[in-house]
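Working notes for the structure below.
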Amino acid sequence: MESRIVSICRRYADDRTRLMDILLEVQRELRGIEPAAMELIARQLGITRVEVEGVVSFYAFFSRRTKGEIIIRVCDDIIDRHAGGREIAKVFVEELGLAIGTTSADGRFSLEITPFLGMSDQAPSAMVNETILTRLTVQKVRLVCARLREGTEPRDLVVHTGDGNNSHPLIRAEVNNNIRLAGEVLLCPVPANAGLRSALQRRPQELLAELEESGLTGRGGAGFPTGKKWRAAADTAATRRFIICNADEGEPGTFKDRVLLTERADLMIEGMTIAAYTVGSDAGIIYLRGEYSYLRPYLESVLQARREHGVLGKNIGGKQGFDFDIRIQLGAGAYICGEESALISSCEGLRGEPKNRPPFPVESGYLGFPTVVDNVETYCCAARIMEQGGAWFGSFGTDRSSGTKLFSVSGDCARPGVYELPFGITVRDLLDRVDAPDAAAVQVGGPSGEMINMSQFERRLCLEDLPTGGSVMVFSQRRNILEIVDHFLEFFVEESCGYCTPCRVGNVFLKKRIEKVRKGLCELEDLAYLKELGKTIAVTSRCGLGHTSPNPVLSTIRNFPLVYAVLLKEHGDGVQASFDIQAALEESRRLAKRRSMIYDPNYDEA
Amino acid sequence: MKKRIATVSLAGCFGCHMSLLDIDERLLELLQQVEFDRSPLNDLKRFTRRCDIGLVEGGCCNEENVHTLQEFRRNCDVLIAVGQCAVMGGLPVMRNAIMHSDDPLRECLETAYLDSDKVYNPSNQIPNDAALPLLLDKVYTLADVVKVDYQIPGCPPSGDTLWNTLEALLAGKPVELAYEQLRYD
């Protein structure tokens, strides 16, 4: 073990900031990161064991115990659950004879639940080591388990590869793109490097003006003006600057970056290169979520091909002195790392905890240098803007939300998948396209977004009205709104990094009270409590997770008051409906071997 | 007409009642305005009629506490949880920390009466007389069991805090407590 760990650390020059990569390799090679291994890594990197353990314990894909040779992770987001994900998990449990969260005695298999794999358009899904399995059925799972027991390698489980680059020899995934509608900016055919060529002929200041004219806003969901961000980074006095691409698409219901990474990797890297030229950067990082690690070999090959074609690396595009290269940083299963400052922490080999702001990443980001962090789609748009012009881009969409947007639609509709449409289309328009005639509720922007009701389907998808990073989940009449809310809260409780109290504790309280509502044990004043607590969490939390985690509760109270109303009860006698004296006495009756003189009416007969 | 006040100590230590006596000579002023109904201060064991204010010290650790509390809720217009135990469970609530046990109540009783080295219990039995109220599975705060109108933290709340609260309540004004009067220790 010692020699293997030492050689892994050496490969990363014993660099403490590359701890994520080191741990990922140790985890892969030794199937776990045991205390002795942490000790060794710490010694090798010159840090304390606690620092290593802090990182190991933070990420879902690292484990202190040795895991099985084959790790099966069944996706458990709400769409997968509605598609039968729970039953799929049960079949795995039966077939492998393993409880969820355990490893078989022979060390062959580990079975786990994971919050979101990014495959809700082809649910239910699971991940077997790095291989993604989609559209699972009971029969298919039985077959998969049988083949795994025979010794089939996970990657050989794939029988039919998906469309487009999913069949590329370096991807070979069962995943389908499900591009249902290609718009005029991203999913239409795009010329290679036209944006980069055009950009390199102009001065960075002109590019910033072009970007600002386009009105491009961040595609991850927050909608910050990209031009303003790049200008802020360019205006800093610094010796180095960094460009980071946020490909940590973790918001349940979002999978459009998966499609872009598969089909528009070149365009995305082109956009990053343009960003590097514009703000003056020589190094970039693609932060790829661990769940998408199946795309990594392909992305590496795209980077390599670009180096060979002179559009990445030294003197890019023949421009003397413009050097820029990119490395891929793999994540390890942490939703919070989609938050830019947490993502930077992760790239630095730290726990994926958000940083205090200010200073903002554009002033002091990766390793303390000004850093531009943008979404995959944002970089793709930037490249197209440099090719076609800001005015062209601005001609799509609305005033404040220009351009087209990729919407990932999933749930109760006939045509789930990715739709490229101009910002500002109505929800109803989108529902018509995805063929969802019985839609009763739509969750826009993922769990952290807003749940709207049927009377609100005329609302528009754009920053002015309903902002979204792409996630649109459709729910029919058959779905239980409060089950969905409860599930979203479970997700936030699980994914809170635990740093600040309002988010760590508050979300647990929210969930408990929603459970109480579901049991019919709440009164009107419990709604006031939920609203008040939700507001407190949103206002006092440290980062976006806590700012938005009460949204499932707050938006459903607002938009689905009747769902709550039917479950609320009035109790005139001043007792709390949730307090059950009989249940509270049960244990005591058993221990004392007698009944209650006060609460058992037939006490004397006993 | 004088307002009626009832008080009781549930799973508490009577410290909050002692604190009420700490209002000293203001007791006379209080008695000008109120009449005590059921309370350990006058040893009345039952409500004689409906009361305006109920002061409850201590949380609920057994069935009798629950029963008494429900009676207070039924008989008092305004119910006030007084002190840490009533508001958050206080010291007794420490037994709720035994949560990783299959049988937490048994573990609690065995530690208290049998296993601890500090225990002198020659009979080696856990008290279990029919006259003893049954314990609840865990300790509940007052608000867990009934609706509570006001909560005064503190262990105990000072005499001044209690006085200011009662004074304002009786005058029908909002309670204004100085920063140092509202505290949790």
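Values in this text are rule-based calculations from the coordinates and carry no lab data. Remember, predicted model here, so these are calculated numbers, not experimental data. As a convention, Cβ positions derive from the backbone with ideal geometry for all residues, glycine included, and neighbour counts pool all protein chains shown.
A compact table of results
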| item | result |
| --- | --- |
| Gyration tensor verdict on segment A:277-318 (Cα atoms; rounded if a/c is under 1.5, prolate if a/b is larger than b/c, oblate otherwise) | oblate |
| At most 11 other Cβ within 10 Å, DSSP loop - chymotrypsin sites (Phe, Trp or Tyr not before Pro), segment B:122-185 | B:Tyr184 |
| Spatial separation of Cα centroids for segment A:307-331 and segment B:132-161, in angstrom | 67 Å |
| Length gained when the stretch A:Lys512-A:Val138 is fully extended (0.36 nm per residue, less Cα-Cα span) | 131.4 nm |
| Between segment A:159-176 and segment A:411-439, the alpha-carbon center distance in angstrom | 25 Å |
| Entries of A:Lys314/A:Lys405; A:Lys228/A:Lys256; A:Lys512/B:Lys138 with Cα pairs more than 22 Å apart | A:Lys314/A:Lys405; A:Lys228/A:Lys256 |
| Label-reachable residues, segment B:8-41, where backbone N falls under 14 Å from a point 7 Å from B:Thr48's Cα toward its Cβ | B:34-41 |
| Per DSSP, loop trypsin sites (Lys or Arg not before Pro) in segment A:1-66 with at most 14 further Cβ within 10 Å | A:Arg64, A:Arg65 |
| Given chain B, longest segment not containing exposed loop trypsin sites (Lys or Arg not before Pro) (DSSP; at most 13 other Cβ within 10 Å) | B:51-117 |
| Net charge over other residues, Cβ less than 13 angstrom from the Cβ of A:Cys145 (K, R count +1; D, E count -1) | +3 |
| Exposure proxy ranking, count of Cβ atoms within 10 Å, fewest first, for A:His309, A:His168 | A:His309, A:His168 |
| Rounded to 10°, Cα long-axis angle of helix A:501-518 versus longest principal axis of chain A | 50 degrees |
| For A:Glu532, net neighbour charge (Lys/Arg +1, Asp/Glu -1) across residues whose Cβ lies under 12 Å away | +1 |
| Prolate/oblate/rounded call for chain A, Cα gyration tensor, a/c under 1.5 rounded | prolate |
| Contact order relative to length of segment A:2-58, as percent, for alpha carbon pairs under 8 angstrom and 6 or more apart | 36 percent |
| Efficiency of FRET from Cβ geometry, A:Glu87 and A:His160, R₀ 35 Å, rounded to 0.05 | 0.95 |
| DSSP-assigned coil residues among trypsin sites (Lys or Arg not before Pro) in segment A:485-579, each with at most 15 further Cβ atoms within 10 Å | A:Lys519, A:Lys569 |
| Charged-residue dipole, Cβ positions (Lys, Arg, Asp, Glu), segment A:257-416 about Cα centre, Debye nearest 20 | 80 debye |
| A:Glu532-B:Arg74 pseudo-label distance in nm [points 7 Å out on the Cα-to-Cβ vector] | 2.8 nm |
| Simple spin-label estimate for A:Glu150 and A:Glu39 in nanometres, 7 Å along Cα-Cβ | 4.4 nm |
| FRET efficiency for A:Asp429 and A:Ser395, using Cβ-Cβ distance with R0 set to 30 Å, rounded to 0.05 | 0.95 |
| Helix-derived mean residue ellipticity, 222 nm - over chain A, DSSP H n ≥ 4, -39500 (n - 2.57), to 500 | -12500 deg cm²/dmol |
| Cross-link reach list, aspartates and glutamates versus A:Lys593, counting only Cα pairs under 13 Å and skipping chain neighbours closer than eight places | B:Asp129 |
| Residue among A:Ile71, A:Ile88, A:Thr103 farthest towards the positive dipole end of segment A:70-159, charges placed on Cβ | A:Ile88 |
| Along each principal axis, Cα extent of segment A:482-565, largest first, Å | 34, 20, 19 |
| Only Lys, Arg (+1) and Asp, Glu (-1) charged, at Cβ; segment A:493-606 dipole about Cα centre in debye | 420 debye |
| Euclidean distance of C-alpha centroids, segment A:87-129 and segment A:514-593, integer Å | 32 Å |
| Surrounding net charge for A:Leu430, when Lys and Arg each add one and Asp and Glu each subtract one, Cβ distance under 12 Å | +2 |
| Virtual spin-label span in nm between A:Ser476 and A:Ile100, 7 Å along Cα→Cβ | 2.4 nm |
| Likely footprinting exposure, B:Asp37, A:Asp15, fewest C-beta neighbours within 10 Å first | A:Asp15, B:Asp37 |
| Mean separation of Cα contacts under 8 Å (6+ apart) over length of chain A, as relative contact order % | 13 percent |
| Prolate/oblate/rounded call for segment A:2-58, Cα gyration tensor, a/c under 1.5 rounded | rounded |
